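Enquirer: Dropping the structure in here first, questions after.
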Amino acid sequence: MLMLSFRYMPGFNVIESGKPGPIFVAPHSTLTYCSAEREDVGAENTAVAGVSAMGGSAIISTIPRHGVLGIDYNRRVPKKAELAKDLGDIKGNDKLTSYYRNCAWIAENPLQDSYKKKIYSSFWKTVETMGKRHKRPFFVFCHTLSSRIKNLPSAVDLVTGRGAWIEKGKVERIAAKLNRKHDFSRYREDWILDMKFHAMMEKKILGRHFTSIKDSKGMRREWMLQDIEKANSISGKKLDIKTIDFLEYYRAIEDVMKKSDIKITVENVYFGDTAKPVLPLLKRTNGSGLEVEAQSFLNENHAEEVVSVIEGVVKEFHSG
């Protein structure tokens, strides 16, 4: 294992190996500071394990991505007009989902806005500086897929920004080759337990705000609808949000996990559309970028397997 050096900055940490390698960026890895699931749980594990195994450096968020409590480094700087919106509305996350898909924060006053902007700029300037140490830097953006049915069959979903960050066809060919080497089915039983644990969390969180699944609104309802649609497509059943309860939801998890060919995918879940700073960064550094969306089960329990996937992509990509 490489000897690593650390710098602790306001809002993020920097880890360096002293050896050439990828720049691992974990913009969503931190605690939430509110009653919800953690952010990109385990993404920090994969970033650190990546640096330890492959060299390079890592820049890891240490503050919530929620616009009021912290900064979403993966979004753009909000305009003054957007910041001037009624704060009560902005805090209603489900009401303004589109705002949070585009803007990095909301500020309660100009001083807070200035402070958040300074930290945001420092984060991306540090990433850029790390990249400019190389002629053709390779950035790995470490993210997490929540342990939900909707994200199947992806164990690791590789995101190319619809081909704008890195050649998508080449990544697809590499993924097909790597799928012959990685057997994710060996984790199936533990994985089912992990998904049920997260479903139990969902039951508690949803229960704080709604009387039943069918009465849920906003992102909670959107995610549940996606889970149901995916479960029906895999199992052939006809689950319905109007009638489903959590006991049936737990059974659906077992059923779809036993029937799913869990594998490495390319843009099965995400496309990088909301990763606003990535393309400008790649243009400024003449670099390539790959977003790695690994299931939380893997990031938390088997980060070394995720790193093995990343290493396979990087080696194949540079070998031509």
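Enquirer: Give me the pairs: first residue in the stretch 100-129 and touching a residue at least 24 places away in the same chain (Cβ under 8 Å) and among the charged types (D, E, K, R), second residue assigned to a helix (DSSP H, G or I) and open to solvent by 80 Å² or more (accessible area, probe 1.4 Å), beta-carbon distance under 7 Å, and six or more apart or on different chains, which are they?
Expert: Matching pairs, first to second residue: 128/284.
Enquirer: Within the stretch 176-225, count every residue that is over 30 Å from residue 304 (Cα atoms), open to solvent by 40 Å² or more (accessible area, probe 1.4 Å) and assigned to a helix (DSSP H, G or I).
Expert: 8
Enquirer: Right, something else. Mind checking which residues of the stretch 263-320 are more than 24 Å from residue 176 (Cα to Cα), of a type in the set (A, V, I, L, M) and more than 15 Å from the chain's Cα centre (by Cα)?
Expert: Result: 279, 281, 282.
Enquirer: Next up: Consider the stretch 1-27. How many of its residues are in contact with a strand residue (DSSP E or B) (Cβ under 6 Å, 6 or more places away or on another chain) and not β-branched (Val, Ile, Thr)?
Expert: Qualifying residue count, the stretch 1-27: 11.
Enquirer: Which of the residues that make up the stretch 229-243 are over 13 Å from residue 153 (Cα atoms) and either under 24 Å from the mean Cα position of the chain (by Cα) or in a helix (DSSP H, G or I) (or both)?
Expert: 229, 232
Enquirer: Which of the residues spanning the stretch 124-149 are farther than 23 Å from residue 314 by Cβ and either among the hydroxyl-bearing types (Ser, Thr, Tyr) or buried (at least 24 other Cβ atoms within 10 Å of the Cβ) (or both)?
Expert: Across the stretch 124-149, the qualifying residues are 146, 147, 149.
Enquirer: Looking at the stretch 248-260, is at least one residue touching a residue at least 40 places away in the same chain (Cβ under 8 Å), in contact with a helix residue (DSSP H, G or I) (Cβ under 7 Å, 6 or more places away or on another chain) and more than 29 Å from residue 221 (Cβ to Cβ)?
Expert: Within the stretch 248-260 (the criterion being touching a residue at least 40 places away in the same chain (Cβ under 8 Å), in contact with a helix residue (DSSP H, G or I) (Cβ under 7 Å, 6 or more places away or on another chain) and more than 29 Å from residue 221 (Cβ to Cβ)), the answer is no, since none of the residues qualifies.
Enquirer: Residue by residue through the stretch 249-304, note down the ones that are open to solvent by 70 Å² or more (accessible area, probe 1.4 Å), in a helix (DSSP H, G or I) and of a type outside the set (S, T, N, Q).
Expert: Answer for the stretch 249-304, where residues must be open to solvent by 70 Å² or more (accessible area, probe 1.4 Å), in a helix (DSSP H, G or I) and of a type outside the set (S, T, N, Q): 251, 258, 259, 283, 284, 300, 304.
Enquirer: For the stretch 1-18, what are the residues that are open to solvent by 80 Å² or more (accessible area, probe 1.4 Å) and at pLDDT below 95?
Expert: Residues satisfying the conditions are 1, 3, 18.
Enquirer: Sticking with this structure for a sec: Within the stretch 161-175, work out how many residues are open to solvent by less than 50 Å² (accessible area, probe 1.4 Å) and in a loop (DSSP other than H, G, I, E, B).
Expert: 4
Enquirer: Given the criterion modelled with pLDDT under 90, open to solvent by less than 40 Å² (accessible area, probe 1.4 Å), among the aliphatic types (A, V, I, L, M) and under 30 Å from residue 232 (Cα atoms), identify the matching residue among 152, 96, 83.
Expert: Of 152, 96, 83, the one residue that is modelled with pLDDT under 90, open to solvent by less than 40 Å² (accessible area, probe 1.4 Å), among the aliphatic types (A, V, I, L, M) and under 30 Å from residue 232 (Cα atoms) is 96.
The values are calculated or read from the model by the stated rules, or taken from the named source; none is laboratory data. Just so it is clear, the structure is predicted and the values come from calculations on it, not from any experiment. Neighbour counts run over all protein chains shown; Cβ positions are idealised from the backbone, glycine included. To get the accessible areas, we keep the full protein, side chains included, count just its heavy atoms, and leave off ligands, DNA and RNA. Shrake-Rupley method; radii C 1.70, N 1.55, O 1.52, S 1.80 Å.
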